[in-house]
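The values are calculated or read from the model by the stated rules, or taken from the named source; none is laboratory data. As the structure is a computational prediction, the values presented were derived from the model and not from experiment. Every residue, glycine among them, receives a Cβ derived from its backbone with ideal geometry; neighbour counts consider all protein chains shown. When the accessible area is computed, the model is the full protein with side chains, heavy atoms only, and any ligands, DNA or RNA have been set aside. Shrake-Rupley method; radii C 1.70, N 1.55, O 1.52, S 1.80 Å.
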Amino acid sequence: MTTPSRSGGAQPAARRQSSLRDHNLSVITRTVFGEGGGLSRADVAARTGLTRATVSRLTQELIDARILAERHTQVGRPGRPATPLFPAERTMAGVGIEVNIDYMAGRVLDLAGHTLAQFKEPGDFAASDPAVVLPTLGELAAVMLAEVRASGARVVGAHLAIPGLVDATTGTVLLAPNLGWDRVDAVPLLGSRFEAHGLPIRVSNDAKLQALAAATSSPGHLVPDPTFLYVSGDVGIGSAIIVDGAIEGGQHGWAGELGHVSIEPSGPACHCGSFGCLERYAGKHAVLDAALLPLDSPPEELLRRLAAGDERTHRAVARAGWALGIGISDALNLIDIPKVVLGTGLAPLVPWLLPAIRREFDTRLLAARFIEITLEGAPTDPSPASAGGALLALEKVISHPADWVPAS
Ligand SMILES: [Zn+2]
């Protein structure tokens, strides 16, 4: 939409003008970021239907606000220099921090998708005390934030990723079975040094944020075919339904608890209180345990044994594939999405998981008789939930740039 809507008729003229400007600013940012940069002002005008004068004026406001930048390096048609527009670098930043069962991490990304700072600390946070863990995370995050702020970047917001159910409206971790956390008011526990940065922070489920990272090439710029079921493979198994690059979270944002779908109703007990849950077969510890490897073994050890043809390890991974095949078939029978992305610990195992998963698809997934179900590993990333959190924090600049551009 590039002209005032009919519904604007009841608004005072000044406000109508202002909301039209705000809308057009977001049309421009979505277009430039959606392409990953490289469009000229003329390209933006052609794609959006805005006049070239409007694009030039609003683009300048976005450049002045340090959201867009131009480069004078390309030449368009002969004799007519073009100045392509790109997301500004090192000006604004989003933050993601996370606690997982065996590490905590943080990442700061700028609008161009560059990592400005990050950390990852291994640990054992199974059945941990949030009043001990979260202040430590807050300290590490505060150090990271101070570094980024010293570089001159403006930090716009943060997301805390937790492997469990969260109430995003109150910032409460309702239940994180593997951490052993039950109704934790997480944000105040990050402590005074973090709080001193005055950063708006939201609490999110980690698999959802991992999935956003897998759907995104750079801030505002989606990967090709950004509709898929994402399945994370940490100590727990999480998942997220991603449609056109956005999370389909259900009424409370709790959709995607694939790790607690029952594979065998009388199977091994799960931390969630149920039995035979998927993560008891395909979670990191379940696979290592079945392969008779120590639970703190690095992922490379599993891959080394697979490559060496170790029979016990092959059986453990095939069992995980069998369980994933059942769980994912059930999910795809419900949601009709023909692409699956396996993330974190599952990603490097895809070649070994695939035969068992495909066997279950052939038996259980009705759609598999008619269409090809794509199954691929997510790109390697040491802390994809942190990356997803940073991307989500930046999304508000891209979708509502007017909040960051002084009123004209
Ligand atoms: Zn469970």
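A few comments on the model shown:
- Length-normalised contact order of region 20-88 in % [C-alpha pairs under 8 Å, at least 6 apart]: 35
- Translational diffusion coefficient (Stokes-Einstein; Kirkwood radius from C-alpha pairs) of the chain at 10 °C, 1.306 mPa s, in µm²/s: 70
- Within the shell of other residues whose beta carbon sits under 12 angstrom from the beta carbon of D234, the net charge comes to -3, with Lys and Arg scored +1 and Asp and Glu -1.
- Put a plus charge on the Cβ of each Lys and Arg, a minus charge on the Cβ of each Asp and Glu, and nothing anywhere else: the dipole of the chain about its Cα centre is then about 1680 debye.
- Listed residues A53, A367, A323, most fluctuating in the chain (Gaussian network, C-alpha, under 10 Å): A53
- DSSP H segments from the chain that extend 15 Å or more along their own axis, Cα-based, with Kyte-Doolittle mean of -1.0 or above: 13-34, 52-64, 130-150, 311-335, 350-364, 384-399
- Ignoring lysines fewer than eight residues from K120 along the same chain, the ones with Cα atoms less than 25 angstrom from its Cα are K208, K284.
- Debye equation applied to the C-alpha atoms of region 222-377, log10 I(q)/I(0) at 0.10, 0.16, 0.19, 0.21 Å⁻¹: -0.33, -0.87, -1.20, -1.40
- Cα Rg, Dmax, region 160-305, angstrom units: 16.8, 49
- Measuring nothing but how far apart in sequence close Cα pairs (under 8 Å, 6+ apart) lie, relative to its length, region 222-377 scores a relative contact order of 23 percent.
- Highest GNM mean-square fluctuation among A207, A146, A390, for the chain modelled with Cα contacts below 10 Å: A146.
- Alpha carbon centroid spacing (whole Å) that separates region 192-242 from region 101-145: 14
- Span from the region 290-316 Cα centroid across to the region 330-351 one, whole angstrom: 21
- Rule-of-thumb Rg ratio for region 20-88 [Cα; 2.2 N^0.38 Å; N residues]: 1.02
- Computed from the C-beta positions of S274 and Q60, the FRET efficiency with R₀ = 56 Å rounds to 0.45.
- Counting charges near A347 (Lys, Arg +1; Asp, Glu -1) among other residues having Cβ under 14 Å from its Cβ returns a value of -3.
- Net charge contributed by nearby residues that have their C-beta within less than 15 Å of H159 (K/R +1, D/E -1): 0
- Accessible area ranking (1.4 Å probe, heavy atoms, ligands and nucleic acids excluded), largest first, for F370, F125, F228: F370, F125, F228.
- Straight-distance candidates among the aspartates and glutamates for linking to K339, with alpha-carbon spacing under 17 Å and chain neighbours fewer than 8 residues away dropped: D225, D244, E248, D330, E360, D362, E372, E376.
- Mean Cβ neighbour count within 10 Å, used as a protection proxy, ranking 21-30, 88-97, 310-319 highest first: 88-97, 21-30, 310-319
- Between Q251, Q17, Q60, the GNM of the chain built on Cα springs shorter than 10 angstrom shows Q251 fluctuating the most.
- Options L165, A407, I237, ranked by Cα towards positive dipole end of the chain, top entry (Cβ charges): A407
- Beta-bridge orientation, the chain: approximately 65 percent antiparallel, per DSSP, counting only bridges with both partners inside.
- Length released on extending from R315 to T51, taking residue separation times 0.36 nm less the Cα-Cα span: 88.8 nm
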